[in-house]
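Notes follow once the structure below has been shown.
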Amino acid sequence: MWGRRLACLLEVPARLTGSPGHRSPRLPCDRRTVPTAAARWHHTAPESLKCAWQLHGDHLELRFADTLMRFDFVWLRDHCRSASCYNAKTNQRSLDTASVDLAIRPQAVRVDETTLFLTWPDGHVTRYGLEWLVKNSYEGQKQQVMHPRILWNAEIYRQAQVPSVDCRSFLETDEGLKEFLQNFLLYGIAFVENVTPTKEDTEILAERVSLIRETIYGRMWYFTSDFSRGDTAYTKLALDRHTDTTYFQEPCGIQVFHCLKHEGTGGRTLLVDGFYAAEQVLQQAPEQFELLSKVPLKHEYVENVGGCHNHMIGVGPVLNVYPWNNELYLIRYNNYDRAVINTVPYDVVHRWYAAHRTLTTELRRPENELWVKLKPGKALFVDNWRVLHGREAFTGYRQLCGCYLTRDDVLNTARLLGLQA
């Protein structure tokens, strides 16, 4: 919702676009100029309405592929892909953006069926493919999804019958790796079967998709109920659903779990799609979704056990969305580690508690809970920015190993295999 409001603020008001027969007012501290008489729609061909454009005082308005776009003249000059402005070998900008005149205006504009041509005052010509402009315009981005996903509850996930990937196929073939990553990107969880139950083999598995992120917990860790760290996870107690490392400024992106041994009962792993729950909040109470996406909170981790001394603080809202299309990309939810709420004023805090309660109710619905019994040989990858995890209490000796992965490298691997990530 707040993304839509921001979009409204960013878009040029209709009364300032210089439509034919309407004089745009000059505003204080506003460089917009009154459009000339040439401010009218031009078409690529008299009989075609596929593409039309209109020149205004400070921007070009372009209609193509059922999308109405507005491009600031500075933006059009800055993004030029000519050889002198952009290095196609390194995919980096060569043009010094700060050298572009902020009052620049093209001397000539021409549009054919596929390309926009702009001639600038110094004679430089910029060319843009119309399809490229649709893809890269603000208006085009609002209509696109950065990360395609399938939201799920327990029944949806079971009915999808998402297959696990065999360890050998995962390690030795691009097809196996691509299938795994596609499952992971769509559902936020993915499994690899027939993994040798050792920490060393789990490490090889993790490095197939990403660099391992070393944290205060080390690089690869063993996980037992010996309370060797100042965290409830290192006990036999049940753990409610949560995301990890909310107390980091950038929470870890992916978590890997591999149960190496369990001699006892209980200990099932709980998985909940946080984005599915958040979508229910958005549909039922959009004002509460907005509040959860705007109010910043602190999460804190204080540890003084043995030789481990840490004090970590992370700040951010529970829900994080891209402002241009309102797409959720990160949920930061951990009731264990949430610090004192001192970043929220009195007149907001009660409404925040109500919104948090609504989200928690959705996260705790039994139909949203996917329970999985981890066993030796079956490794689980979890998107820690999306899927909450927990566990039931257990008896006996239970040993897990795992690690955190750098999110950027996982997405990089996926893109190199041709996936949208």
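I'd like the residue in segment 317-356 that is under 24 Å from the mean Cα position of the chain (by Cα) and among the basic types (K, R) and, out of all such residues, is modelled with the lowest pLDDT. Applying the filter and picking the extreme gives R338. Here G390 does not fit the description of being on the phi > 0 side of the Ramachandran plot and either part of a loop (DSSP other than H, G, I, E, B) or among the small types (G, A, S) (or both).
Suppose the filter is more than 26 Å from L270 (Cα to Cα) and hydrophobic (A, V, I, L, M, F, W, C); does W324 pass it?
Details: more than 26 Å from L270 (Cα to Cα): yes; hydrophobic (A, V, I, L, M, F, W, C): yes.
Criteria met by W324.
Selection of segment 161-173 for residues being open to solvent by 90 Å² or more (accessible area, probe 1.4 Å) and not polar (S, T, N, Q) yields R168, E172. Looking only at residues in segment 143-160 that are in a helix (DSSP H, G or I) and open to solvent by 30 Å² or more (accessible area, probe 1.4 Å), the one that is farthest from Q420 (Cα to Cα) is E155.
Of everything in segment 394-410 that is within 25 Å of V372 (Cα to Cα) and out of contact with any His (no Cβ under 8 Å at 6 or more places or on another chain), the residue that is modelled with the lowest pLDDT is T395.
Scanning segment 329-344 for residues that are open to solvent by less than 20 Å² (accessible area, probe 1.4 Å) and assigned to a strand (DSSP E or B) returns L330, I331.
Do any strands (runs of 3 or more DSSP E) lying entirely in segment 52-135 carry at least 2 residues that are among the aromatic types (F, W, Y) and open to solvent by less than 70 Å² (accessible area, probe 1.4 Å), and which ones are they?
Of the strands (runs of 3 or more DSSP E) lying wholly inside segment 52-135, none has at least 2 residues that are among the aromatic types (F, W, Y) and open to solvent by less than 70 Å² (accessible area, probe 1.4 Å).
The values are calculated or read from the model by the stated rules, or taken from the named source; none is laboratory data. What you are looking at is a predicted structure, and each value in this text was computed from that prediction instead of being measured. Using ideal geometry, Cβ is built from the backbone for each residue, glycine included, and neighbour counts are taken over all protein chains shown. We work out accessible area using only protein heavy atoms, side chains counted, and drop any ligands, DNA or RNA first. Shrake-Rupley method; radii C 1.70, N 1.55, O 1.52, S 1.80 Å.
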